[in-house]
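The structure appears right after this line, and notes come after that.
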Amino acid sequence: MKKICILGLGHIGLPIAAILSTKGFKIVGVDINSKLIKKIRKGIIEKKEPGLESIVKSGLESGNLKVQGVPEPADVFIICVPTPLLNNQQNLNAIKNAIKSILSLLRKNNLVIVESTIPVGTTKNIVAPLLKKSGLKVGKNLFLAHCPERVLPGNILEELIKCNRIIAGINIASTKIAKTLYKNFVKGEIIETDTTTAEIVKLMENTYRDVNIALANELSVLTEKIGVDIYKAIDLANKHPRIDIHKPGPGVGGHCVGTSSYSISNILPNFSKLIRLARKINEERPKIIVQKVKKIVKNIPCPKIAILGVAYKGNINDTSNTPAIPIIKGLKKIGYKIKIHDPLVKIFDEDIVKLKDAVLKSDCILILAAHKQFTNINPNKIKGLMRHHYVIDSCNILDKTKWQNKGFKIT
Ligand code: SAJ
């Protein structure tokens, strides 16, 4: 196992490529996006992750990491391409195309690993049959494993090393050889299982998160009705040794949480009522946020809203499936003026402006991502710029008392 070809250089593939390049492997990172390849070669990493830029740069400089548009022969192929939703099903085109692109390169005793989140049965019923077209015998002289990624955007490099991993070969020989590879960089436990179990476990993890966020979101509506601060209530409830209530927020964005709920409930839709309801609750969050704004600014003529944070969550610059988009659309539809500030996001469908410009003559600040930069905003400096002093902190990032003491009405 000397040379590893990694297909897909997104938020999972690039960090894995970079880490493996520091562990004595020759890494070929492959992506069909030629602009991305050009940027990576220059050391420009758009998805900001702590430590990523420097490890990629040193990988490139050492010569152990190279990035290109097409794969080449290697000992191991790791597939890290996206599997986004299309009509509520995970679209596997990127996986299929990645496999097709390596078929003619595969040699005896190669190992193919799928890290992407995939629907149950994909490894056995889609990946293995496609690989057979190489002429090799899957499980005999071509090894195959599903090792679902578990890393948290915002903390990827640390979690790649620290997280416990599930390794599921198509047969025992495949599991063992894949495990040997992961032992090179994983400090967590490496647990062996079969591919179907690994596939559903990954979907279960994200679904657990989705359902629990939905619970928190629902509780936040109920507590608002009775005048109780949801965050204080959650803090108290979580003092119980077996309670871990998640945080309410503006909605669930990102690559995988919502996708996993759809994918898992597709197995038996009639027996996935809770999961589907949770999804619906989370998908309705942006509407609830829009209603909240509407209620607060209802007596203000031509209200202007300053939106702070459009990343799909705090402290990252990724806007994939961000709830900010439906919220912005909803507010614009009512006719409100919108200005957007995000200290991390540079590329977005709407203009991103400086904090000062966003809040200038605004009536209400709406926080949609829990970036730590927002905790440093000085309410005194903002106050004079605004017309009215309403704040909706949908992420609970601000110090409420501090802002209230400065004359802001914060919810
Ligand atoms: N969110 C809340 N309340 C919470 C937690 C999150 O509203 O208490 C929101 C976030 O703001 C965000 C969305 O949910 O919009 C998803 O954020 P996240 O931090 O829950 O998850 P992701 O999508 O960044 O990463 C998840 C992780 N899965 C789990 O924690 C079970 C990660 O470990 C996976 O590797 C990743 O999905 C993936 O790609 O599958």
GNM top mover of T122, T401, T259 - the chain, alpha-carbon springs below 10 Å: T401
Spatially proximal lysines relative to K356 (Cα-Cα < 18 Å; intrachain offsets below 8 disregarded): K304, K337, K339, K346, K372, K381, K383, K406
Rounded tilt (10° steps) of 172-182 against the dominant C-alpha axis of the chain: 60
The chain - mean residue ellipticity at 222 nm from DSSP helices (-39,500 (n - 2.57) per run, n ≥ 4, rounded to 500): -11500 deg cm²/dmol
At 1.567 mPa s and 4 °C, Stokes D of the chain from Kirkwood alpha-carbon radius, µm² per second: 56
Rounded to 10°, Cα long-axis angle of helix 93-102 versus longest principal axis of the chain: 30
Approximate shape of region 182-291 as ellipsoid semi-axes (Cα gyration tensor, √5λ), whole Å, largest first: 29, 19, 12
Filtered trypsin sites (Lys or Arg not before Pro), region 181-228: DSSP coil and at most 15 other beta carbons within 10 Å: K183, K187
Accessible area of the chain belonging to carbon and sulfur atoms, whole % at 1.4 Å probe: 55
Neighbour-limited loop hits for trypsin sites (Lys or Arg not before Pro), region 241-341 (at most 12 other Cβ within 10 Å; DSSP other than H, G, I, E, B): R242, K298
Rounded to 10°, Cα long-axis angle of helix 52-62 versus longest principal axis of the chain: 30
Principal axes of region 262-369: Cα extent on each, largest first, Å: 51, 32, 18
Where the chain is the region considered: accessible area per residue in Å², 1.4 Å probe: 48
Computed over region 264-411: relative contact order in percent, which uses C-alpha pairs under 8 Å that are six or more apart: 21
Relative contact order (percent, whole number), the chain, Cα cutoff 8 Å, 6+ residue spacing: 11
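The values are calculated or read from the model by the stated rules, or taken from the named source; none is laboratory data. Quick caveat, the model's predicted, so the values are computed rather than measured. Note: ideal-geometry Cβ built from the backbone for every residue, glycine included; neighbour counts use all protein chains shown. Just the protein is used for accessible areas: all its heavy atoms, side chains included, with ligands, DNA and RNA removed. Shrake-Rupley method; radii C 1.70, N 1.55, O 1.52, S 1.80 Å.
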